[in-house]
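For reference, the structure is listed below as C-alpha cells.
The values are calculated or read from the model by the stated rules, or taken from the named source; none is laboratory data. Please read these numbers as outputs of a predicted model, since none were measured by experiment. In this analysis, Cβ positions are derived from the backbone assuming ideal geometry, glycine residues included, and neighbour counts consider all displayed protein chains.
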Amino acid sequence: MSRPLPAWLPVVAFVLIWSTGFIVGKAVVPVADTSLFLLARFALAALLFTATALAAKVAWPPLAQVPRHLLAGALMQGIYLCAGYGAVAHGLSPSIMALLGALQPLLTALLAIPLLGERPSARTWRGLALGALGVGLVVLPAMQSGAPHAVSPWIMLIGLLAILSITMGTLLQKTSIARADIRASSAWQNAGAMLVAAVVVGATSVTSETSGALRWTPGPTLWISLAWAALVLSGLGTWLLLGLVRRGQAANAAALMFLAPPLAAIQAALLFGDRLGPVQWLGMAVAGIGVWLCQTRGNARHAEAR
C-alpha cells in the first residue's frame, strides 16, 4: 500500500514554484511583450488542463457556472499577471512585486469577513499584522528617491491592482465553483485569463509606437520561460494553489504568499543583480514570523473546523 503524501509537501512545492513567477516576468522583458507572452502562456495552460480533464473523463461545470469560472480566472490570473508583469516590465523589481503579493493575506482576511463569513482567530490577525509590517519594511525603502531600483507610486499602484485582483479571485474560489473538478475548472479559468490578456494585447497593439508590432524574439530564453510559465506556474502551481484554497480558510491559504518573497529576492539577486538592504531583509524575517503564526493555529475552534 502506497503511503499518502506528507501534508507539508504541497505547501513547500507551491511556495518554491510561486516564488519564480515574477522572475519569469523579468526574464522575458527583453525578448517578448509581457501581455503577448501571457496570452501564449494561458493558451497553453488551457490546452493542458482541457486535455487532462478529457483524459480523466471528469465532469465539467454546468454552463450556468461557466461565467463564474471565467471571472475567477480573469481575476486570479489574467488581471493579476498582466498588471504584475507590466509593473515588472516598467522597472519594478521582481522581489518587490513578490512582496506586494504578500499583502494579499491581509486583504483576503478583511474581505473574507463580509463575503465568506470567515472569522480569523486572534493568532491569525497577529500573524497578518506582522506580515504587513514586514512588507512595509521592504517596500518603503524602495520608494525613497535615490534608492537602488527606486519605484514610482504609479507603478506601485499597478502592483497593488494586481494583488487586489488575485485576492478577489481567491475568494471566488471559495464559492460554488469550489465543487467543480479542479482540472475542468482550471481549463475554464485559463480561458478567462486568455480573454484579459487578449484585450491587453489588442490595446497595446493599437497604442504601440511601432504600428502594432509587439516584441516577440524566439530563442532559448523565450521558449524555456514559456514552458516553465505554462506547465509549471500556470499548470502545477495554480493546481496546488486552488487545492490549498479549497481545503482551508481563504486567509490562511493566502498567507503562504509570505514565504515566496525571500525566495524571489534571492533569485532576483542571483539572476539580475537586485539587492535588498539590511532593513528589507529584516522585513522578510518579520513577514516569515507572520506566516508561522498564521499557519500554526492554536485555536480549538479552528481545529474543529478542519
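Observations on the model:
- Test: residue in region 197-210 that is within 18 Å of the chain's Cα centre (by Cα), at pLDDT 80 or above and closer than 18 Å to Ile23 by Cα: no
- Among the criteria (1) at pLDDT 80 or above; (2) hydrophobic (A, V, I, L, M, F, W, C); (3) within 20 Å of the chain's Cα centre (by Cα), the one Ala180 does not fulfil is (3).
- Region 151-203, residues that are closer than 22 Å to Gln65 by Cα and not in a helix (DSSP H, G or I): Gln173, Lys174, Thr175, Ala180, Asp181
- Annotation: Leu92 fulfils all but one of (1) assigned to a helix (DSSP H, G or I); (2) buried (at least 24 other Cβ atoms within 10 Å of the Cβ); the unmet one is (1).
- Tally of residues being at pLDDT below 80 and closer than 17 Å to Ser93 by Cβ across region 281-294: 2
- Taking the numbered list (1) modelled with pLDDT under 85; (2) not in a helix (DSSP H, G or I); (3) not charged (D, E, K, R) in turn, Ala59 passes all entries but (1).
Rundown of residues vs (1) over 30 Å from Asp33 (Cβ atoms); (2) modelled with pLDDT under 65, yes/no style:
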site	(1), (2)
Ser234	no, no
Gly243	yes, no
Ala254	no, yes
Phe272	no, no
Arg275	no, no
Pro278	yes, no
Ala300	yes, yes
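For (1) modelled with pLDDT under 95; (2) more than 19 Å from Gln267 (Cα to Cα), each residue gets a yes or a no:
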site	(1), (2)
Ser19	yes, no
Phe42	no, yes
Leu47	no, yes
Ala89	yes, no
Leu103	yes, yes
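- Within region 204-244, tally of residues that are assigned to a loop (DSSP other than H, G, I, E, B) and in contact with a strand residue (DSSP E or B) (Cβ under 6 Å, 6 or more places away or on another chain): 1
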